[in-house]
Structures are given as C-alpha cells and as structure tokens.
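> Mind looking over this structure? Questions follow.
The values are calculated or read from the model by the stated rules, or taken from the named source; none is laboratory data. Not measured: the values here are computed from a predicted model. In case anyone asks, the SASA skips ligands and DNA or RNA and just uses the protein heavy atoms, side chains included. Shrake-Rupley method; radii C 1.70, N 1.55, O 1.52, S 1.80 Å.
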Amino acid sequence: RRMAVTEPRSKFAEDGGDEAARGYMDITVLLFASVREKLGKGSVGIQLREGATTSELLSCLKETYPELASILPSCALSVNRRYLSTESASLSNGDEVALIPPVSGG
C-alpha cells in the first residue's frame, strides 16, 4: 500500500512522470478555512494506489498530518466540485478533492 504526499498538482506535470501507468494516481486535495490555516497552504498533492477511495485518502491525511485528525471526521468532501452523499467514493487519477470543514458564525 503506497501513499505519499507530494507537491501540489502543478509539480506533477513538471516532472513528466507517468505515475498512473505504474498503478498509482495523483490526487489534489484543496484545503479551506481551519484546515488551510493548520497546514499553512491551500492544497496538497497525494499519491494513492489506483482504485483508492476517499476513506483511504482521509486515512492517509490523518497519518501524514496528525494535526488534522480531530477535524477530518467533521469535514464535508467534494470530488471534482460535487459534494459526496456517501461516506466513501472511488477516486481516479487527476481528481480534485476539497476538504470543507464546518463553519460557524453569527
């Protein structure tokens, strides 16, 4: 099981490597609000095995960024700008996943 955190997606294109051909896929994770503040960046690139799910992505994020472990369970997810209605969905190479933490205000 290979999971690696890489640079944001633009870096993948510069490398010229074809990870998908070797059984891995590149996922861009967009970060918002408190998640963005905790990591100090707007996105991260994650490399997962081909056929991985959003549940596996969240596990990878918890392992790689322990500071997110408490907030990830309450985050909404969207894949390619569509909110998920299920707990886990299959991902494909090049997908863009947004982590949307709960917001409060008044």
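> If you roll a 1.4 angstrom probe over the protein chains with everything in place, what fraction of the accessible area of segment 57-106 belongs to carbon and sulfur, to the nearest %? Display every interim value, and only then the final one.
Details: 1470 of 3090 Å².
The C+S portion of the solvent-accessible surface of segment 57-106 is 48 percent.
> With a 1.4 Å probe and all protein chains in place, put TYR83, TYR24 in order of accessible area, largest first. Walk me through the intermediate numbers first.
Numbers: TYR83 160, TYR24 55 Å².
Largest accessible area first, the residues go TYR83, TYR24.
> Quick one: Debye curve from the alpha-carbon atoms of segment 63-106 only, equal weights, vacuum; give me log10 I(q)/I(0) at q = 0.14, 0.21, 0.24, 0.31 Å⁻¹ to two decimals.
Calculated log10 I(q)/I(0) at the listed q: -0.40, -0.82, -0.99, -1.17.
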